[in-house]
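These notes concern the structure reproduced below.
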Amino acid sequence: MRHLLLFFGICSSAFAHVGSPDVFYEGSAGPYHVLVTIRPPAVIPGVAEIEVRCNSNDVTQVRIVPLPLRGPGAKFAPTPDVAQRSKDDPEFYTGSLWMMGFGSWQVRVHVDGGKGQGETSIPVPALATRSTTMDKSLGVLLAGLCLFLMIGIVSIVGAGVREAQLEPGSTPGETNRRRSRIVMAVSLVAVAAVGYLGNLWWNSEANNYARRVYKPIQMTGTVESGRRLVLHLEDTGFFRFNKLDDLVPDHGHLMHLFVVSDPAMDRMWHLHPEQGEPGSFTLDLPAIPAGKYRLFADIVHASGIPETGATVMEIPAVEPGKPLSGDDSAAAGSPVSQADLNRTEAPLSGGYRMVWQRDAAALKAKRAYLFHFRVEDQNGRPAENVELYMGMPGHAEFVGNDFQVFAHVHPSGSAPMAAFGILQAASKPDSKPGAVNVAREVPSMGDMQGMQAMPAVAMTPEVSFPYGFPKPGNYRMFVQVKRAGKVETGIFDTRVE
């Protein structure tokens with residue numbers, strides 16, 4: 001009985017892990033600009049909640065449909081569901097979609113309006129993340145009802161044997177009574193056996209389901225020879241998804257490592273370790289003061305499912321450390337402070353600054369926002385020489401002050417670019433059903449930049465990120481852009497209600 005509700009989705013956290021479960025996307029659906037929020041189900045099969053905002057007043061209909069990320073199912077879409085337009089906000093649409101299997105899915109959004117038809121697809125991981133035992137009071141109630149049903153069955157069988165053959169008004173004889181008692185005893189044994197075998201079957205199904213509840217990949221780290229960071233990822237045996245020999249590059253790197261000082265959060269490094277054996281990554285550390293640090297490692301599997309490994313480390317002083325090069329970067333700011341929660345400017349190098357263009361309204365949990373930032377020079381003029389950073393106008397990291405939330409977000413949203421690449425490769429007319437050949441079918445960084453329609457002209461000094469905080473609390477945001485060949489990081493704090 002304690003496993004009964006596993007199949008019905010009444011859930012609580014099974015394994016502590018960092019991250020944000022919702023998927024956010026900002027981009028184009030043909031001629032229409034859309035902001036899409038996807039809240040995947042906590043159990044599979046389950047219902048995903050979809051929100052679509054269309055920044056256009058001539059949209060007549062929004063339709064949504066779930067599909068596998070790749071394979072035959074990705075090529076034969078069922079009839080889309082029509083999203084419901086909000087009565088209070090005509091640009092806002094909502095809908096619900098069933099996701100029937102574990103693994104990588106996509107939500108395809110169709111938009112119809114005065115400019116014609118538009119379409120876009122967003123990768124979504126479908127993973128069961130929660131489970132629970134039955135509430136004790138409900139268990140007692142159902143056990144009582146089950147016992148009542150068993151007694152009723154035995155009683156009905158006994159009454160039938162004892163009295164069914166008698167004339168109306170006749171009294172059962174001793175023979176009928178004895179035969180009734182024998183049949184009732186046999187029936188009781190049979191009903192008990194059915195209940196016992198049913199319980200065995202139910203427990204087997206529950207245990208099989210429990211194997212599919214998401215178990216985050218585990219990560220440990222050590223510092224060798226005073227400066228060499230060695231990270232080990234451990235397969236938790238979760239179903240078949242978090243293998244360690246199937247990683248694909250995301251923004252040109254198999255791992256994006258973020259090192260954040262704990263608890264001040266006043267220092268952050270964005271680094272890119274190299275993989276040796278599957279599950280083993282190494283990196284020569286830059287100069288780092290001794291202290292306690294939180295490490296978050298983003299990886300993407302060939303299935304398109306992203307994961308974030310997390311660990312806590314005491315790192316000894318690394319001096320002088322390896323100079324930063326390539327896409328590696330470092331940032332330093334003031335410690336987390338309540339006084340900084342409303343600050344909308346962050347200093348950058350050379351007298352430049354980053355401005356958070358926010359309104360005065362309080363931020364709410366479980367609500368999608370577009371976070372706008374602008375880089376200015378000393379005189380408040382738009383900064384020049386802004387470049388792409390790893391193929392994107394910028395990168396942002398949202399970190400909860402309790403370190404239970406970490407999200408690495410791009411201007412296109414929270415889904416990894418590698419997953420978009422797999423989606424694009426699988427949707428090609430000549431692609432074959434089945435597993436993607438990663439080396440052949442996952443696009444290069446240049447392909448993925450083109451897929452997201454990145455401009456070839458000089459970048460603007462403004463960048464925005466779609467994101468929604470999963471729970472209330474205080475958060476620190478690290479916003480990274482590249483200017484004149486140098487990665488700049490603006491640090492902001494905010495309170496979410």
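The values are calculated or read from the model by the stated rules, or taken from the named source; none is laboratory data. Computed from a predicted structure; not experimentally measured. Here Cβ is always computed from backbone atoms with ideal geometry, including for glycine, and neighbour counts include all displayed protein chains. SASA here: full protein model, heavy atoms, side chains in, ligands and nucleic acids out. Shrake-Rupley method; radii C 1.70, N 1.55, O 1.52, S 1.80 Å.
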Task: Residue list for the stretch 295-309, restricted to those being open to solvent by less than 20 Å² (accessible area, probe 1.4 Å) and in a strand (DSSP E or B) - done: Leu295, Phe296, Ala297, Ile299, Val300, His301, Glu307, Gly309
Open item on the list: Looking at the stretch 367-410 only, could you name the residues that are assigned to a strand (DSSP E or B) and in contact with a His (Cβ under 9 Å, 6 or more places away or on another chain)?
Closed with: Tyr389, Met392, His395, Ala396, Glu397, Phe398, His408, Val409, His410
Open item on the list: I need the full set of residues from the stretch 93-105 which are open to solvent by less than 10 Å² (accessible area, probe 1.4 Å) and at pLDDT below 95, in order please.
Closed with: Met99, Gly103
Task: Filter result for Tyr25 (within 30 Å of Gly394 (Cα to Cα) and open to solvent by 10 Å² or more (accessible area, probe 1.4 Å)) - done: yes
Open item on the list: Taking the criterion of being open to solvent by 50 Å² or more (accessible area, probe 1.4 Å), touching a residue at least 12 places away in the same chain (Cβ under 8 Å) and out of contact with any strand residue (DSSP E or B) (no Cβ under 6 Å at 6 or more places or on another chain), would at least one residue in the stretch 171-178 satisfy it?
Closed with: yes
Task: Residues being more than 21 Å from Arg211 (Cα to Cα) and surrounded by fewer than 19 Cβ atoms within 10 Å (Cβ to Cβ) - total across the stretch 121-139 - done: 5
TODO: Answer yes or no: is there a residue in the stretch 15-34 that is part of a helix (DSSP H, G or I), at pLDDT below 80 and not polar (S, T, N, Q).
DONE: no
